[in-house]
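Asker: Encoded as structure tokens, here's the structure I'll be asking about.
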Amino acid sequence: MTASARGGVAVKPMKPAQPAQPIQPAQPTIHRRAIEKSPLLSCYNRETKKNSLCRLAILETQQMEEVMALHHLVIHELENPDLYIPYTREEMSGYLNQASGLILGLYDEQGMGAFRVITWPGEGKDNLGHHLGIPQSQLGQVIQLEGTNVHPRYRGNGLQCLLTERALNCIQPNEKEGILLTAVSPLNGRSLVNMFTLGMHIAGLKNRQAQPARLVMKRDFYRQSHKWQQGPWIEAGDIESHQRLLAQGLEGHEASMNAEKRLLVRYGRPLLSHEGAVMR
């Protein structure tokens, strides 16, 4: 400090505050050898009416045309297009070069039979953590399960779960705890059941303009199951009931089909131990 001409004390002006820098996503480590050394998969081929041996590969930019061709085929054959939001080439490019995700592909002697997209969205608007109130400092820990595209000849082989498990086995979050998120249409019963099988639970809702609501599902990356204090069953498509139960602090964790062939979701609370930790 220095004396001013008025006899007071002049305070050295402070530097203007620097704008906060966005937190970069903690890009996971990808263990390619875990995929390269994985055994061939035996999948039933609907076209040949017999099992085919399929290999897995982490896809790269040179597979762009194959990926987009299968993607367009899957979109074209959807009975309900509202269940799926198509990818752009720009998005696929970011996943194929592993800048913002990865794509695990399945091949047989006929070509690409399926692929699974997994992303690390950072703080971007597509990070589902925004819909769950995840603190900004933790958004970089998020790893998201995106779409699974399966060629018609391999449908019915449970490839959504299988490819997800294989992909997660080759990913190591570069944070102490990774956060696994995904968004599922409440009308897509098969995907909803598959995500419960993978240990995901409904933790929030996502509403896009001009898009139907999506259920946001969550799991700690390394922890797959909780013990639950059981609560009510609701119809999977009943968005108001989802909102009400989520507002009460409950989470959806189980699915079942009722006698009328309607998909139901069960809500509950994770059980806590005496120390206050979630029981696994």
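Asker: Take the residues of segment 49-76 that are in a loop (DSSP other than H, G, I, E, B) and in contact (Cβ under 8 Å) with a residue 12 or more places away in the chain: which is nearest to the chain's Cα centre (by Cα)?
Answerer: Filtering segment 49-76 for residues that are in a loop (DSSP other than H, G, I, E, B) and in contact (Cβ under 8 Å) with a residue 12 or more places away in the chain, the one nearest to the chain's Cα centre (by Cα) comes out as 59.
Asker: If I filter segment 171-179 for residues that are part of a strand (DSSP E or B) and closer than 15 Å to residue 217 by Cα, do I get at least one hit?
Answerer: yes
Asker: Select, from 186, 173, 135, the only residue that is free of Cβ contacts under 8 Å to residues at least 12 places away in the same chain and over 27 Å from residue 46 (Cα atoms).
Answerer: 135
Asker: Residue 161 passes all but one of (1) in a loop (DSSP other than H, G, I, E, B); (2) out of contact with any strand residue (DSSP E or B) (no Cβ under 8 Å at 6 or more places or on another chain); (3) among the hydrophobic types (A, V, I, L, M, F, W, C); which number fails?
Answerer: Going through (1) in a loop (DSSP other than H, G, I, E, B); (2) out of contact with any strand residue (DSSP E or B) (no Cβ under 8 Å at 6 or more places or on another chain); (3) among the hydrophobic types (A, V, I, L, M, F, W, C) one by one, residue 161 breaks only (1).
The rows are residues; the columns are (1) at pLDDT 95 or above; (2) over 11 Å from the mean Cα position of the chain (by Cα).
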| site | (1), (2) |
| --- | --- |
| 112 | yes, yes |
| 115 | yes, yes |
| 121 | no, no |
| 124 | no, yes |
| 140 | no, yes |
| 149 | yes, yes |
| 152 | yes, yes |
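Asker: From the list 52, 4, which residue is surrounded by 11 or more Cβ atoms within 10 Å (Cβ to Cβ) and either modelled with pLDDT of 95 or more or not assigned by TED's automatic domain parsing to the domain that holds residue 159 (or both)?
Answerer: Exactly one of 52, 4 is surrounded by 11 or more Cβ atoms within 10 Å (Cβ to Cβ) and either modelled with pLDDT of 95 or more or not assigned by TED's automatic domain parsing to the domain that holds residue 159 (or both), namely 52.
Asker: Test residue 261 against the stated conditions and say whether it is modelled with pLDDT under 95 and on the phi > 0 side of the Ramachandran plot.
Answerer: yes
Asker: Additional query: Within segment 97-110, which residues are modelled with pLDDT under 95 and outside any loop (DSSP other than H, G, I, E, B)?
Answerer: Correct list: 101, 102.
Asker: Can you tell me which residues in segment 12-43 are farther than 25 Å from residue 127 by Cβ, outside any helix (DSSP H, G or I) and modelled with pLDDT of 85 or more?
Answerer: 37, 38, 39, 40, 41, 42, 43
Asker: Hey, another quick one. All but one of (1) within 24 Å of residue 126 (Cβ to Cβ); (2) at pLDDT 95 or above; (3) assigned to a helix (DSSP H, G or I); (4) among the basic types (Lys, Arg) hold for residue 190, so report the exception by its number.
Answerer: Condition (2) is where residue 190 drops out.
The values are calculated or read from the model by the stated rules, or taken from the named source; none is laboratory data. Only a predicted model underlies this, so the values are computations on that prediction, with no experimental measurement involved. So basically every Cβ, Gly included, is an ideal-geometry build from the backbone, and we count neighbours across all protein chains shown.
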